[in-house]
1. Beyond 33 Å, how much of the Cα-Cα pair distribution for the chain remains, as a whole percent?
2. Treating only the Cβ of Lys, Arg, Asp and Glu as charged (+1, +1, -1, -1), what charge dipole size does the chain show about its Cα centre? Round to the nearest 20 debye.
3. Kindly flag which residue pairs out of Lys44/Lys74; Lys74/Lys293; Lys251/Lys293 have an alpha-carbon separation exceeding 21 Å in this structure.
4. Put +1 on the Cβ of every Lys and Arg and -1 on every Asp and Glu Cβ in the stretch 375-458; which of Asn429, Val396, Leu378 then has its Cα farthest towards the positive end of the dipole?
5. With each run of n ≥ 4 DSSP H residues scored as -39500 (n - 2.57), what mean residue ellipticity at 222 nm is computed for the chain after dividing by its residue count and rounding to the nearest 500 deg cm²/dmol?
6. Going by C-beta contacts inside 10 Å, put Asp462, Asp192 in order with the fewest on the left.
7. What FRET efficiency comes out for the pair Cys435/Asp211, r = Cβ-Cβ distance, R0 = 45 Å, nearest 0.05?
8. Going by average Cβ density within 10 Å per residue, which order do the peptides 27-40, 159-172 take, highest to lowest?
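Laboratory data are not the source of any read-out in this text; all were calculated from the coordinates shown. Note that the structure is a prediction, hence the values are computed from the model and not measured. Cβ placement follows ideal geometry from the backbone for every residue including glycine, while neighbour counts extend to all protein chains displayed.
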Amino acid sequence: MLMQDVIIIGCGIVGAAAAFELAKYQVRVTVLEKENDVANGTTKANSAILHAGYDPLPGSLMARLNVRGVALAKKLCQKLDVPYRACGSLVLAFSPEECATLETLKARGEANGVPGLEILSGEEVRRREPNLSEKVLAALYAPTAAICSPWEYCLALAETAVRNGAELHLETEVTGIEKAGGLWLVHTNRGDFSARYLINAAGVCADAVHDMAAPHEFSIRPSRGEYYLLDKAEGRRVGCTVFQCPNQDGKGVLVSPTVHGNLIVGPNACPVVGEDTSTTAEGLAFVREKALKSVPSVAFGQSIRNFAGVRAHAAETSDFILQEKDGFVDAAGICSPGLSAAPAIAEYLVELLKNAGLTLEEKPDFFCQRRRVRFKELSPAQRAELVQENPAYGRVICRCETVTEGEILDALHGPIPPRSVDAVKRRVNAGMGRCQGGFCGPRVVEILARELGLWPEQIQQDKNGTWLLCGETKGGSAYV
Ligand SMILES: Cc1cc2nc3c(=O)[nH]c(=O)nc-3n(C[C@H](O)[C@H](O)[C@H](O)COP(=O)(O)OP(=O)(O)OC[C@H]3O[C@@H](n4cnc5c(N)ncnc54)[C@H](O)[C@@H]3O)c2cc1C
């Protein structure tokens with residue numbers, strides 16, 4: 001068993017950002033993730049907004065790390081080729097009381113250091129966003145809010161960490177932790193690992209992981225948010241992210257463009273047990289009703305998918321829990337704006353490790369660049385050149401999104417190869433279009449089986465247990 005300097009438990013956006021940050025230094029890092037892909041927890045199912053930072057209370061960790069995180073995200077997304085759009089956001093007010101809330105949010109944002117906040121009248125805001133309700137009295141505009149691809153952001157950070165020497169173990173669930181001979185010994189379903197320092201970035205399971213190593217201190221109260229994703233025909237219904245005034249359940253229902261050209265609508269907030277990501281008729285009806293209050297013309301008939309994500313609220317505090325004791329670091333209670341704050345959370349975690357004695361010597365050859373072929377975005381001449389070089393780019397697998405076999409093969413030979421149909425979707429967008437994989441799904445299964453040397457019956461839709469085909473597997477490898 002090779003001793004590591006740091007083991008990170010969980011590879012959502014927080015674990016991936018921490019691995020990325022640590023990979024800048026001469027530190028041996030291992031990431032343990034229980035699922036069969038990175039970004040397979042809350043990080044893949046959220047609103048995908050990089051919040052400006054007017055929501056969290058001034059002086060909180062959340063406020064500080066949110067504002068720094070969005071600034072870092074802008075540069076990171078550019079460097080790592082992550083879809084990102086600086087679209088800005090609006091918070092709408094429908095009553096005089098809500099107009100007063102806008103003033104509070106503006107003052108809070110200014111105290112947090114959010115630049116460019118502005119309150120617009122109903123007429124001004126409808127000039128910018130003609131599809132907003134006539135009933136909107138005023139709105140808070142935040143120009144620094146942005147949208148991104150959350151799973152590609154996480155994947156890009158994790159891939160860069162791996163390229164720079166971090167080890168990633170998927171399908172490796174931490175089941176126990178003990179301190180032995182001054183080191184942390186981590187038990188998993190795939191054997192033991194040991195390290196001088198641990199980072200608990202286990203999202204909804206962060207309380208359970210904490211309790212494996214230390215006395216109980218906090219409890220995660222999962223809260224589910226359900227969404228509609230609408231076809232690209234609705235993608236321009238609004239130009240920026242449109243919120244309503246926040247309430248006790250959080251930031252409320254939003255209507256927003258996505259970086260992939262769709263419209264996202266949601267979420268509600270419903271307490272659940274564990275990682276329950278089912279959607280419900282009641283939850284979706286609530287989302288629909290609230291969204292129509294902001295944007296009455298949203299055409300829900302264009303819905304192509306419903307999904308849900310689970311927030312990891314801590315029962316004891318509304319702030320992030322970022323703390324170190326005895327070389328064990330918690331990154332817990334990372335609810336919204338965790339995606340926005342992630343790179344700043346990672347910096348904070350590394351600072352905690354440094355204060356706990358971890359030596360941080362910079363790696364002179366840290367490599368921080370990532371580019372992938374996006375066939376759809378190329379000019380006809382560039383496409384022709386690419387197909388000439390490699391005919392696999394000439395075979396379109398996903399017709400809705402124009403994703404080629406060449407792009408899928410690139411992903412399969414990348415630093416964190418996909419193992420499931422949805423893992424391919426998260427890397428190259430195959431299956432993200434109007435038909436939601438109806439056409440390309442079987443072809444992606446075929447390519448995965450061929451390239452991974454498996455039978456098609458062994459390929460899963462997403463997490464372990466999501467089998468697509470039944471039949472008799474012949475055992476061994478299908479494509480030897
Ligand atoms: C409905 C909703 C909307 C949101 N909208 C936004 C938004 O617009 N903007 C924003 O900034 N934030 C938003 N958030 C919050 C954001 O999504 C989260 O803060 C962020 O994704 C948390 O990342 P994480 O890495 O902490 O958790 P996760 O992504 O859940 O990652 C934790 C990982 O740990 C793994 N794990 C758990 N237990 C173990 C174990 N025992 N062994 C090994 N691995 C383990 C899990 O499999 C998982 O992959 C939203 C959240 C929700 C639910």
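1. Working: 43662 of 114960 pairs.
Tail of the P(r) past 33 Å holds 38 percent of the pairs.
2. Numbers: 51 positive and 57 negative charges, 270 e Å.
Its charge dipole is roughly 1300 debye.
3. Numbers: Lys44/Lys74 19 Å; Lys74/Lys293 31 Å; Lys251/Lys293 15 Å.
The answer is Lys74/Lys293.
4. Projecting each Cα onto the dipole axis, the largest value belongs to Asn429.
5. Working: 12 runs with 145 residues, N = 480.
Helix-only estimate at 222 nm: -9500 deg cm²/dmol.
6. Working: Asp462 19, Asp192 12.
So the ranking, lowest neighbour count to highest, is Asp192, Asp462.
7. Values: r = 44 Å, r/R0 = 0.98.
Between Cys435 and Asp211 the formula returns 0.55.
8. Values: 27-40: 23.7, 159-172: 20.4.
For the peptides 27-40, 159-172, the packing ranking is 27-40, 159-172.
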